[in-house]
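To keep things clear, I will list the structure first and then write my remarks on it.
The values are calculated or read from the model by the stated rules, or taken from the named source; none is laboratory data. Just so you know, these numbers come straight off a predicted model, no measurement behind them. Note that we place each Cβ from the backbone using ideal geometry, even for glycine, and neighbour counts take in every protein chain shown.
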Amino acid sequence: MGQLYALILAGGSGTRLWPLSRKKTPKQLLSLLGNRTMFRITVERLMPLISMDRVYVVTNAEMARMLQEQEPIVPAENYVTEPGPKDSGPAAALGLAHIHHRDPNATVAILSADHYIGRIGEFQRALQAAAEVAEEGYIVTLGITPANPNTGFGYIERGEPVGTYAGLAAFRTARFTEKPTLEVAEQWIADGKHSWNSGMFVLTCATMWHEFGRQQPEFAETLRASERAIDTPQYGPALAHAWEVAPRKSIDFAIMEGAEHMAIIPVDIEWSDIGTWASLLDVLSGDESGNVVIGDHVGVDTEHSLVRGGNRLIATIGLKNLVIVDTPDVLLICPMERVQEVKTMVEQLRARRRDDVL
């Protein structure tokens, strides 16, 4: 069995956590869950299963600089920078190419830099189990037991059993489905055969090259040329050429949904992707009224709300199911059920060229 590596995808901008998450303070470097950044939490929960010299990070050049300066926990040489944003498919492939260049027999866990996981021991056991399944030629995803019929996640249907690994059952993947309607999601919760797609995958480098070669052949060919040029003067031009033909696709669409051998390990690891302000209500302890408060707040008849203050008191009366985020230059007030639209707000500000608040 090859050694287990981690590949952390850290290029996202976290627009749905605006106005706290911005270009100069991206989500990965925010301390949303305490006094550690999301990136440091992601890296530290890998220890001692994976040593820091086997942790790789794919991101853009500016983010790599910030992560290295503020969280110098991963070796500088293990940062892989993208020439430009092309979604998670090409980003993952690029990171895997660098790991393959170092260790052709590596097994790699592809992870995100912004997930919350409450049960660390169970998460590490799941990675060990997934690595064993991956050695048999599968791409393995960790499937999250649904807590509710959430329509913001992709779902994975379980197929026939593959076996038991490290005490966890693995199944063939029958079908991926992106963000179903509420009615469909409720049906899937009831049938007990579906899991949320966590976006965490484990595979060998050999399987990666096979699937990218089969499904994205032009990109795979040029990326192989880039890998051969690593640590030579030809690397920059070779990577630029690969990026010209790279598909602008998520890793799910690029290879996972069309992979020949996919497996899923259902897990209960207290997972959240911390994708919106509402998700913090699920993982942070609220007060007796169900409010999560960070900062100075006094509330009267205020329930089930997230209040994140800055340098001044926030006072609320008669409010319910609201998100209030106060920063020195922006105050966000939003109904809890519309937090996904914060991304739309950011797009509008970008169209108006309001770079001063982005």
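Among the residues of this structure, LEU203 does not count as one that is closer than 22 Å to ALA61 by Cβ and modelled with pLDDT of 95 or more. Just one of the numbered conditions (1) surrounded by fewer than 16 Cβ atoms within 10 Å (Cβ to Cβ); (2) assigned by TED's automatic domain parsing to the domain that holds GLY34; (3) not acidic (Asp, Glu) is not true of ARG312: (2). Screening the candidates THR59, THR81 for the property of being surrounded by 16 or more Cβ atoms within 10 Å (Cβ to Cβ), over 20 Å from PHE201 (Cα atoms) and under 18 Å from the mean Cα position of the chain (by Cα) yields one hit, THR81.
Give region 1-19 a look and list any residue that's under 13 Å from the mean Cα position of the chain (by Cα), part of a loop (DSSP other than H, G, I, E, B) and of a type in the set (A, V, I, L, M), or say none. Once the filter is applied, which keeps residues that are under 13 Å from the mean Cα position of the chain (by Cα), part of a loop (DSSP other than H, G, I, E, B) and of a type in the set (A, V, I, L, M), region 1-19 yields only ALA10.
Among residues that are under 21 Å from GLY118 (Cα atoms) and free of Cβ contacts under 8 Å to residues at least 12 places away in the same chain, MET38 is not included. Listed by first and then second residue, the pairs with beta-carbon distance under 9 Å, at least 6 apart or on different chains, first residue in region 328-345 and under 22 Å from ASP282 (Cβ atoms) and touching a residue at least 40 places away in the same chain (Cβ under 8 Å), second among the acidic types (Asp, Glu) and not in a helix (DSSP H, G or I), are LEU332/ASP326. Yes or no: THR107 surrounded by fewer than 20 Cβ atoms within 10 Å (Cβ to Cβ), in contact with a strand residue (DSSP E or B) (Cβ under 9 Å, 6 or more places away or on another chain) and either farther than 28 Å from TYR235 by Cα or outside the structural domain of GLY309 (by TED's automatic domain parsing) (or both)? When the stated conditions are applied, THR107 does not pass them. Among the conditions (1) touching a Gly at 6+ places or on another chain (Cβ under 8 Å); (2) at pLDDT below 95; (3) surrounded by fewer than 12 Cβ atoms within 10 Å (Cβ to Cβ), the only one that ILE317 does not satisfy is (2).
Only residues that are part of a helix (DSSP H, G or I) and of a type in the set (S, T, N, Q) were counted across region 24-71, and they come to 4. Residues that are at pLDDT 90 or above and not hydroxyl-bearing (Ser, Thr, Tyr): list the helices (runs of 4 or more DSSP H) wholly contained in region 77-196 that include at least 1 such residues. Counting at least 1 such residues, we get 88-102, 120-134. Scanning region 1-44 for residues being on the phi > 0 side of the Ramachandran plot and surrounded by 19 or more Cβ atoms within 10 Å (Cβ to Cβ) gives a total of 1. For region 257-264, the count of residues that are closer than 28 Å to LEU111 by Cα and not assigned by TED's automatic domain parsing to the domain that holds ARG172 is zero. Every residue in region 320-350 that is surrounded by 14 or more Cβ atoms within 10 Å (Cβ to Cβ), more than 24 Å from the chain's Cα centre (by Cα) and not in a strand (DSSP E or B), please. Correct list: ASN321, THR327, VAL330, LEU349. Here is the figure for region 231-285: residues that are among the aliphatic types (A, V, I, L, M), closer than 28 Å to GLU122 by Cα and part of a loop (DSSP other than H, G, I, E, B) total 5.
For region 235-262, a tally of residues being exposed (fewer than 13 other Cβ atoms within 10 Å of the Cβ) and of a type outside the set (D, E, K, R) returns 2. Would you confirm whether any residue within region 134-141 is under 17 Å from VAL267 (Cα atoms) and small (Gly, Ala, Ser)? Looking for residues that are under 17 Å from VAL267 (Cα atoms) and small (Gly, Ala, Ser), one finds at least one in region 134-141, hence yes.
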